[in-house]
Amino acid sequence: MNKLNLILALLLVLIFALILPGLFGDRKPEAVPEGIRIELEQANTPEAQLKGLSGHVPLVGVKGMLFEFEFPQAVCMWNKDVDFPVSVGFFDEKWRLLNAEEMAAHSEKKTCSKVAAKYAIEMRAGWFDLKRKEIVK
C-alpha cells in the first residue's frame, strides 16, 4: 500500500508541476495578430497601462507589451518616460491592424488609434513597418 501511495503522490506532484505555472502566469502571453507570434508582457491593469514601458529595458526581437482594453475605444499612447523609440500598433477585436505609428523616446506627443481599438501592442521601433505585409493581407 505504501508504494501505491508514493506513486499517487508523485503523480500529483507531476500534475501540479505541469498545471500551476500556467495558472499563475509564469509564462509570458503570446499574441498572434494574423499568425505572427510575438512574446508580450501584459499591461492589464490601469496602473500597468499608465506605467507602460517606463523604466523598461529596450525591446528586442519579438518582445513587446500588450494593452487590452475593456471594450473597443479611441486610444492614445505616449512615450514620455521611455528611454527608447517604440512602434505601436492598434488592433480591433479580431486582431486586424487598424494603424501603426512610431513614437520617439521621451516623447509627450500623443499617438492615437484612428478608430476604436480593442488592443494596442508596443514593439521595438520600426517593427510594424517591417511586418506590415505579413500582418495586413
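The values are calculated or read from the model by the stated rules, or taken from the named source; none is laboratory data. This structure is a prediction, so every number in the text was calculated from the model and none was measured. Ideal geometry is used to build each Cβ from the backbone, glycine not excepted, and the neighbour counts take in all protein chains shown.
Hey, could you check the range 60-92 for residues that are β-branched (V, I, T) and under 16 Å from E41 (Cβ atoms) and say which is surrounded by the fewest Cβ atoms within 10 Å (Cβ to Cβ)?
The extreme case among them is V60.
What number of residues within the range 98-119 satisfy the criterion of being surrounded by fewer than 15 Cβ atoms within 10 Å (Cβ to Cβ) and farther than 19 Å from L50 by Cα?
Within the range 98-119, residues that are surrounded by fewer than 15 Cβ atoms within 10 Å (Cβ to Cβ) and farther than 19 Å from L50 by Cα number 2.
Using the structure shown, decide if K137 is among the charged types (D, E, K, R), part of a loop (DSSP other than H, G, I, E, B) and modelled with pLDDT under 90. Even if it seems obvious, please write down each step before you answer.
Details: among the charged types (D, E, K, R): yes; part of a loop (DSSP other than H, G, I, E, B): yes; modelled with pLDDT under 90: yes.
So K137 fits the description; yes.
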